[in-house]
1. In degrees, nearest 10, range 0 to 90: what is the angle between the Cα axis of helix 195-207 and the longest Cα principal axis of the chain?
2. Can you tell me the equivalent ellipsoid semi-axes for region 131-236? Use √(5λ) from the Cα gyration tensor, largest first, whole Å.
3. What percent does the relative contact order of the chain come to when contacts are Cα pairs within less than 8 Å and at least six residues apart?
4. How far apart, in nm, are the 7 Å Cα→Cβ label points at Lys3 and Lys205?
5. Could you pull out the longest piece of the chain with no exposed loop GluC sites (Glu not before Pro) in it, calling a site exposed if DSSP puts it outside H, G, I, E, B and it has at most 13 other Cβ atoms within 10 Å?
6. Just to be sure I understand: of the beta bridges DSSP finds with both ends in region 5-128, what percent are antiparallel, rounded to 5?
7. For an R0 of 22 angstrom, estimate the FRET efficiency from the Cβ-Cβ distance between His26 and Val58 and round to the nearest 0.05.
8. Cα centroid distance between region 95-174 and region 199-225, in Å?
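Where a number appears in this text, it was derived from the coordinates with a stated rule and is not lab data. All figures in this text were calculated on a predicted structure; none of them were measured in a lab. Cβ sites come from the backbone with ideal geometry, for glycine too, and all protein chains shown count toward neighbours.
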Amino acid sequence: MTKQKLLIVDDEAPLREMLSDYLLMHGFDVRSVADGAGMLTELDRFGPNLVVLDVNLVGESGYDLAREIAKRSRAGILMLTAVGDLPHRLEGLAAGADDYMAKPFEPRELLARVRSVIRRLGEEERTSENRIRFGGCILDMGGRTMVDTYGAEVRLTSMEFDLLCVFARHPRQILSRDQLCRLAHNRDLEPGDRSIDIRITRLRKKFETEPDTPTVLVTVRGEGYVYEPAYDEARRR
């Protein structure tokens, strides 16, 4: 089994060493650094699953570093701080922390928190694989539903849903009308059959910002259609 990777960021050398030894003993792959520069290097080089981050680094803001982690990676963040009151916890969570612990703490509690965050992140990642964004809506492939940005259900016919699932499984791949019909409906497209075009036109009205100039389900003249998730990813950044 692949070990989960932990990066400890704390300017107290004794604490870094103690946490590294303790977490190594419990089966994690651990690296530790003393400052933000080291953290950024290890984010790229090591690729941690979780960063254990001290808020009060000398001359640096742990909150700013947490925001930088969120920009650069998908690693979870467990914040450590000498101040555990509500305003500081809220600031940490707003900066992107997944959990928050006040110093001093028992190593066993830290271990439990680390395992909990990693487990939760794993569950979210597995769930997200079945939740695909189309414009302003989210398609839940497992639940066979679509919701808009307000959480309201967007009505889909069974054939519309099947067609979106095909696009979700083939992002950035040009699919002809014949391919779409076979993959979505398990039949060949008959001459003169415009059902695929009609369904795509209807779908665009449900999630494209401007259905007449689509950016998510794009027409490739003479070839077919392509789902462009890059547009949705750019909108979320």
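1. 40
2. Those come to 21, 16, 12 Å.
3. Relative contact order, the chain: 12 percent.
4. 5.8
5. In the chain, the maximal stretch lacking such sites is 1-128.
6. Close to 0 percent.
7. According to the calculation, E is roughly 0.15.
8. 24
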